[in-house]
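Visitor: Below is one structure. I have some questions about it.
The values are calculated or read from the model by the stated rules, or taken from the named source; none is laboratory data. These numbers were taken from a predicted model, which means no experiment stands behind them. Using ideal geometry, Cβ is built from the backbone for each residue, glycine included, and neighbour counts are taken over all protein chains shown.
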2 protein chains.
Amino acid sequence: MAGMSIHARRERERAERERLIVTAARELAEAEGWEAVTTRRLADRVEYSQPVLYSHFKGMDAIVAAVAVDGFADLAAEMRAARTSTRGPKRALANVAAAYVAFAEQRPALYDAMFNQTVSLAFATPETPAALRAGFDELRQVVRPFAADDNEDLLAEVLWSGLHGLVSLTRGGRLPRENHDRRLALLLSRLA
Amino acid sequence: MAGMSIHARRERERAERERLIVTAARELAEAEGWEAVTTRRLADRVEYSQPVLYSHFKGMDAIVAAVAVDGFADLAAEMRAARTSTRGPKRALANVAAAYVAFAEQRPALYDAMFNQTVSLAFATPETPAALRAGFDELRQVVRPFAADDNEDLLAEVLWSGLHGLVSLTRGGRLPRENHDRRLALLLSRLA
DNA sequence: TCTCCAATTCTAGCGTTGCTAGCGAACAGG
DNA sequence: CCTGTTCGCTAGCAACGCTAGAATTGGAGA
């Protein structure tokens, strides 16, 4: 039965091509913004025709969602690094918050995919991708020392909201970039 | 010289038509979301042809921006009502925050225009529309009792960030709607 | 009142978008 | 070597934002 290994190779190649599409979409978005990521340009970039994209993803939204999942994994990793490289609950909190903000500032297109662009990502359900949970877990761990036993989740969610609000309003020009650090410090001091 | 009054009438009619366009855009967006607000459908609704839109606004973005300015005026008015109908700093804060959240929940398309859709609105500059300042002033007034003299603005900005983050993550499905009230209460208790 | 000119609105169309139908080539299996 | 299926491509659709140029409207002067 040579057929089986052939089938396996095909699936492998197919998975590779899917990765190629997702990373190409991500690179294009980070270089020129999401409005520049069209099916034609993306197909051009991966050197396939448009319809190939639709054999992997249901549509453009699904491609954005795939990039977003990647983004959540990256964000979770960076927050984890920020947390484990510090001692002391207060410093850990400050470091993780700074990592979150830095991520949003340095990868605006990725952050957009995660929080603005895509609406069709399952979040607090059983089929939520692991990467999404991982990010939230980091926040929960870092606020644990400051929470009463019964509201750890709640505090993590409020922290997340505060960080997202700060980042989001600043990036949209609603808040002046000037006092960004002071705002962040104030938020953290009130939550801790 | 009858020409002058004719000119005046024409300008009046023109202004009326502009209002018609903006309110039609707003109604269409609130009824079916912004993706349904196309130049063709909008032109249809106001019973003019597409190019008329471009004699009033530079493009679709400018129309969204005009709706957003309306939205800021509404939001400011509702927050003002919430503040002045209450006695006591803590209650005032809670009431204004609740008004903000209610606004975002009941008029999602409007909130979208104000915070997600449009990027091209001047905010902390001299030519910032009055409606935009008014909303922020309400927040500033309501946090004044809880701020040290030198960081009143900062605290208002952090409150705004927290509220926007809460609303934005909840609406995008990132936070379960379940504990929304408890999250809001926690945020306020930490800021006050 | 009739004609003319300027302002204004409409028709028609351009280039691009996301997405899909259906043809043609490539390739595993007999 | 032939056959059947799988796969990617060419071509095209409807709808998008936006614009050029024709057509219509309506005030002004004879």
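Visitor: From A:Ala94, A:Ala76, A:Ala148, which residue is closer than 30 Å to B:Phe123 by Cα and either part of a loop (DSSP other than H, G, I, E, B) or touching a residue at least 40 places away in the same chain (Cβ under 8 Å) (or both)?
Guide: It is A:Ala94.
Visitor: Determine if region B:99-108 includes at least one residue that is free of Cβ contacts under 8 Å to residues at least 60 places away in the same chain and buried (at least 16 other Cβ atoms within 10 Å of the Cβ).
Guide: There is at least one residue in region B:99-108 that is free of Cβ contacts under 8 Å to residues at least 60 places away in the same chain and buried (at least 16 other Cβ atoms within 10 Å of the Cβ).
Visitor: So which residues in region A:16-56 are hydrophobic (A, V, I, L, M, F, W, C) and either modelled with pLDDT under 95 or under 19 Å from the mean Cα position of the chain (by Cα) (or both), if there are any at all?
Guide: Within region A:16-56, A:Leu20, A:Ile21, A:Val22, A:Ala24, A:Ala25, A:Leu28, A:Ala29, A:Ala31, A:Trp34, A:Val37 qualify.
Visitor: Looking at (1) surrounded by 21 or more Cβ atoms within 10 Å (Cβ to Cβ); (2) within 8 Å of another protein chain (Cβ to nearest Cβ); (3) farther than 23 Å from B:Ala68 by Cβ, find the lone condition where B:Leu93 falls short.
Guide: So the condition that B:Leu93 fails would be (2).
Visitor: For region A:124-157, enumerate the residues that are β-branched (Val, Ile, Thr) and more than 16 Å from B:Arg174 (Cβ to Cβ).
Guide: Matches in region A:124-157: A:Val142, A:Val143.
Visitor: Being within 14 Å of another protein chain (Cβ to nearest Cβ), buried (at least 19 other Cβ atoms within 10 Å of the Cβ) and away from DNA strand D (no atom under 14 Å from the Cβ) is the requirement here; does B:Ala68 meet it?
Guide: Yes; evaluated as a whole, the condition is true for this residue.
So that you can scan it fast, the table gives a plain yes or no per residue for (1) surrounded by 17 or more Cβ atoms within 10 Å (Cβ to Cβ); (2) facing chain A (nearest Cβ under 7 Å); (3) over 19 Å from B:Arg83 (Cα atoms):
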position	(1), (2), (3)
B:Leu132	yes, no, no
B:Phe136	yes, no, no
B:Ala148	no, no, yes
B:Gly172	yes, yes, yes
B:Asn179	no, yes, yes
B:Ala185	no, no, no
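Visitor: May I pose another question? So, in region A:30-65, of the ones that are within 14 Å of DNA strand D (Cβ to nearest atom) and among the basic types (Lys, Arg), which residue ends up surrounded by the fewest Cβ atoms within 10 Å (Cβ to Cβ)?
Guide: Filtering first and then ranking leaves A:Arg40.
Visitor: I'd like to know if region B:118-130 contains one or more residues that are facing another protein chain (nearest Cβ under 9 Å), surrounded by 18 or more Cβ atoms within 10 Å (Cβ to Cβ) and part of a loop (DSSP other than H, G, I, E, B).
Guide: Within region B:118-130, one or more residues are facing another protein chain (nearest Cβ under 9 Å), surrounded by 18 or more Cβ atoms within 10 Å (Cβ to Cβ) and part of a loop (DSSP other than H, G, I, E, B).
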